[in-house]
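Structure, as structure tokens:
Nothing in this text is a laboratory measurement; each read-out follows from the coordinates by a stated rule. Everything numeric here is computed off the predicted structure, so don't read it as measured data. Neighbour counts run over all protein chains shown; Cβ positions are idealised from the backbone, glycine included.
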Amino acid sequence: MSVACFGSPPSTGSLPLSTTGSIETVSRLRCIACGATPESASQDFRCAACGDLLEFVFPGWAPDAPDPATLKSRWLDRRTSREPLDQSGVWRFRELLPHIPAEHAITLREGNTPLYHLPRCARATGVENLHAKHQGMNPTASFKDTGMTFAASSARHGRFQWVACASTGNTSASMAAYAARGNMHSLVLIPDGQISWGKLSQSLDYGALTCQLRTDFDGCVRILNELVRQKPVYLLNSVNPYRIEGQKTAAIELMEQLAWEPPDHIIVPGGNLGNSSAIGKALIEMRELNLISRLPKMSIIQARGANPFYRCVREFGGKKLEPMIADTMATAIRIGNRASWKKALRVLQATGGEVEEVSEAEIAIAKAEIGADGIGCEPASAVTLAGLKKLRRSGFVKAGESVVLILTGHLLKDPDFTIKFHRGDLFSGMPESSVAAQAKNLQRAPVVLDADLGAVIAALDAVGERVEK
Ligand code: F0G
């Protein structure tokens, strides 16, 4: 790629992240570790003083908190508006976000995702009041759109021509779509052979320059961090604090859907930990603003083969995070180093949540159970139900409590996994083959038949007999 393809950022080496707000919202950047409050961020979004992550804070709320009742009714009114920004489930809550001028906003009407009761999963877990907030119902079919609408808009506000991310597939799909809508070019770095075709095909169609690097996700992140130091490319991974701000709105929308009555538990999958940081940040801010009267416990679930945060909490008491070589079939969360672990840890501690790890078999079974409720999700999302089962067994979640699972991606993101599961191919040769029996009840392999009525009726009767037993 020649240098001529890149636009110049307005100022050398730093982003135009104005920290002066609009009439509605005044925000500042602050380092989560040393507390420095820079006027702008460098291109890797790290604190210039200590190298840790930045976050947005809202000093204006301290003396002059917006009135909760006014906010709630304003947000509700916007649901009937014809304005594109009001129709977005992210920009509708803009009073709780840093200011970006409306003319730079790129929206695909993201957010507005459904909250479903899960009756079968409720029976399986013994938690009657069990719901799923399905973030896979976003425009590019994952939760990434809520953060991407906001961060891509900040790139456009900064007059960047190129945006980039390293990804396990969903961030890249989302970024490519928003870049295309905002007339920007996008560069995707993905681990070769480790992301699902569904996700890869999205970034191709949305016109991204897609580079499949012969490394893992963590290797892609390393290259990207180097790249943004050399080229005027706007980084759209979740270290970008605008991503976190946009993703906060899932929790705000959830509370609105629950008539501002928080559930006892929210359960989130843990990858790079941006999503859990964002949801937790929103919960804490909503509590500070008296939009909700108490904090739900927010728990984070990881795949056992990619569990550095679980180990950080359980083995090292939250003192350090030891990176690992990650391995899980839930490719979205196949991440060995976790950018936002300190933010996530803070949320875990503030809300009194738990951390859990689940096996490959537990993920696959939970995914099929969510599917059997007519909802469906991708493997990384199913860690939430698998984790809930463990949290029930440990007594952390009680039968009478209310629980919301955050489903992060759509079932169709990874059809290979689903087909292998139903054909019984997923666990072949794996040490966990003992769970194959448990999976059998859920498996619905396709039946190949001659084009013959009798054969179809025989197949129908065979299933009928099984159902009646
Ligand atoms: N679920 C899905 C479907 C994901 O795609 C991801 C992350 C996560 C959960 C974990 O979220 O990183 O905020 O803790 N996917 C990233 C990507 C890494 O590149 O698409 P997290």
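Scaling the Cα radius of gyration of the chain by the globular reference 2.2 N^0.38 Å produces a ratio of 0.97. Counting DSSP beta bridges in the chain, what percent are antiparallel, to the nearest 5? Antiparallel bridges: around 25 percent, rounded to the nearest 5. Given Ser299, Leu115, Ser27, which one lies farthest toward the positive end of the charge dipole of the chain, if we put +1 on the Cβ of every Lys and Arg and -1 on the Cβ of every Asp and Glu? Of the candidates, Ser27 comes out farthest on the positive side.
The Cα atoms of the range 325-393 define a convex hull whose projected area, averaged across directions, is 5.4 nm². Computed over neighbours whose Cβ is under 15 Å from that of Arg314, the net charge equals +1, Lys and Arg +1, Asp and Glu -1. Note: the range 170-322, Cα convex hull, 156 Å³ per residue. At a Förster radius of 30 Å, what calculated FRET efficiency corresponds to the Cβ-Cβ distance of Asp416 and Asn441, to the nearest 0.05? Plugging the Cβ-Cβ distance into 1/(1 + (r/R0)^6) gives 0.85. Relative to the dominant Cα principal axis of the chain, helix 241-257 is inclined by about 60°. For the range 22-103, the Kirkwood hydrodynamic radius from C-alpha pairs, put into Stokes-Einstein at 4 °C and a viscosity of 1.567 mPa s, yields a diffusion coefficient of 89 µm² per second.
Equivalent-ellipsoid semi-axes for the range 339-430 (Cα gyration tensor, √(5λ), whole Å, largest first): 26, 15, 13. In summary, the convex hull built on the alpha carbon positions of the range 107-226 has an orientation-averaged projected area of 8.8 nm².
Ranked for footprinting exposure by Cβ neighbours inside 10 Å, fewest first, Arg181, Arg123, Arg243 give Arg123, Arg181, Arg243. Here the Karplus relation 6.51 cos²θ - 1.76 cosθ + 1.60, evaluated at θ = phi - 60°, turns the backbone of the range 54-59 into coupling constants of 9, 9, 8, 10, 10, x Hz, with x for every Gly and Pro. The ranking of His117, His410 from fewest to most other beta carbons within 10 Å of each one's beta carbon is His117, His410. Helix 170-181 and the long axis of the chain differ in direction by around 50°, with both axes built from C-alpha atoms.
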